[in-house]
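Structure first, then comments.
Every read-out reported here was derived from the displayed coordinates using simple, explicitly stated rules and does not represent laboratory data. Here the structure is a predicted model, which is why all the values come from computation and not from measurement. Virtual Cβ from ideal backbone geometry, glycine too; neighbours counted across all protein chains shown.
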Amino acid sequence: MENSSKPTEKKSNSTESRLIPFTIAGIFCFGIAFVLGAGSWYLLGTNHRLSPEKDTATIQTGNQNVAVENTAIENSNVVVSSAPTASPVAAPTVEIKKAPAGEIAIDGGVVELGGNETKLPASRLSVEPFAIGETEVTNAQYAEFVEETKYKAPIGWKDNKFSTGSAEEPVVNVTWADANDYCRWLSKKLDATVRLPSEAEWELAARGNTGFKYPWGNGWNDEAAESAETKGKIRPVKSYPKGRSPFGAYDMVGNVWEWTSDLFIDEFGKPVLREKTIQRIIKGGSAQEKRDTYLFIKARRGTPEDFKFKLLGFRYVIIRK
């Protein structure tokens with residue numbers, strides 16, 4: 001019995017010796033698989049980010065390839081839209097043509113007309129916002145109107161041209177109708193309503209919200225306006241910056257008289273005629289008036305619409321649409 005068991009023991013030992021190489025190979029393969037799997041997970045895992053140094057990815061978006069440089073890319077978080085981005089549409093710009101005599105915005109307000117200085121009962125008028133010419137209309141500005149429309153030139157011009165050196169002086173020798181015709185022409189140029197100011201608008205532009213006698217204050221200043229006491233000479237517009245009104249308008253007192261749109265009426269509200277001709281109110285005095293007669297804001301005169309005078313011009317009001 002003892003002799004019969006020995007061959008079986010030898011056979012078992014032989015089988016175990018043959019399995020050892022397979023076991024070692026299995027362990028080795030498992031180790032390699034483990035290392036490769038861990039490396040792949042590290043390189044391609046969803047939580048790993050590419051280095052920002054010159055890393056470039058190309059992403060297919062519809063029919064376009066979008067190159068992305070120096071950008072951290074996450075496999076599960078990158079979303080690229082192929083829809084075109086709409087460009088912001090800029091609002092159309094509307095060109096505002098500036099008035100040739102400049103324009104000053106007036107806020108509007110309440111104006112007191114009349115009173116002791118005018119021998120008329122005082123009245124209060126509400127004025128809507130408007131803009132007014134910074135200066136009186138000049139010879140150069142009126143010449144453009146004459147040339148373009150073939151309008152009759154003022155008295156004193158030769159060959160439809162003003163005298164040398166007077167381009168920036170106020171245009172004079174124009175009737176009330178001439179001034180209105182210029183305003184209608186300029187209205188088309190500016191695409192706005194251009195007209196002569198009312199007396200209330202004129203005074204508001206000259207005085208502002210102050211109670212001044214003159215545009216610059218309550219005391220006369222020879223450096224603010226020309227008068228008969230100085231040289232009484234018509235000057236180019238803007239020659240007296242110290243005489244500007246609170247809103248910034250030049251020559252509202254002195255230089256030349258200015259037409260307004262208002263009728264000249266009596267204390268009963270009836271138009272005052274001169275030789276059967278309607279009269280309009282003129283304002284501002286002229287360089288040849290004495291300080292205490294017509295050179296203050298409330299001063300006014302009635303003048304026939306067809307009157308031409310070497311000391312009478314105009315400025316205009318602009319109402320934007």
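Modelled spin labels at F268 and T293, positioned 7 Å past Cα toward Cβ, are 3.0 nm from each other. For S261, nonlocal amide neighbours, meaning residues 5 or more places apart or on other chains whose placed amide H falls under 5 Å from its own, are S198, E199.
Over all directions, average the projected area of the Cα convex hull of region 103-319 and note it in nm². Hull-based average projected area comes out at 11.7 nm². The residues packed around G243, meaning those with a beta-carbon under 11 Å from its beta-carbon, carry a net charge of 0 if Lys and Arg are +1 and Asp and Glu are -1. Amide H contacts of F307 (H built 1.01 Å from N, in plane; Pro and chain starts excluded): W176 sit under 5 Å, all sequence-distant by 5 or more or on other chains. Counting other Cβ atoms within 10 Å as a rough exposure proxy, the listed residues W216, W185, W259 run W185, W216, W259 from fewest neighbours to most. The separation of region 163-193 from region 253-283, counted between C-alpha centres, amounts to 19 Å.
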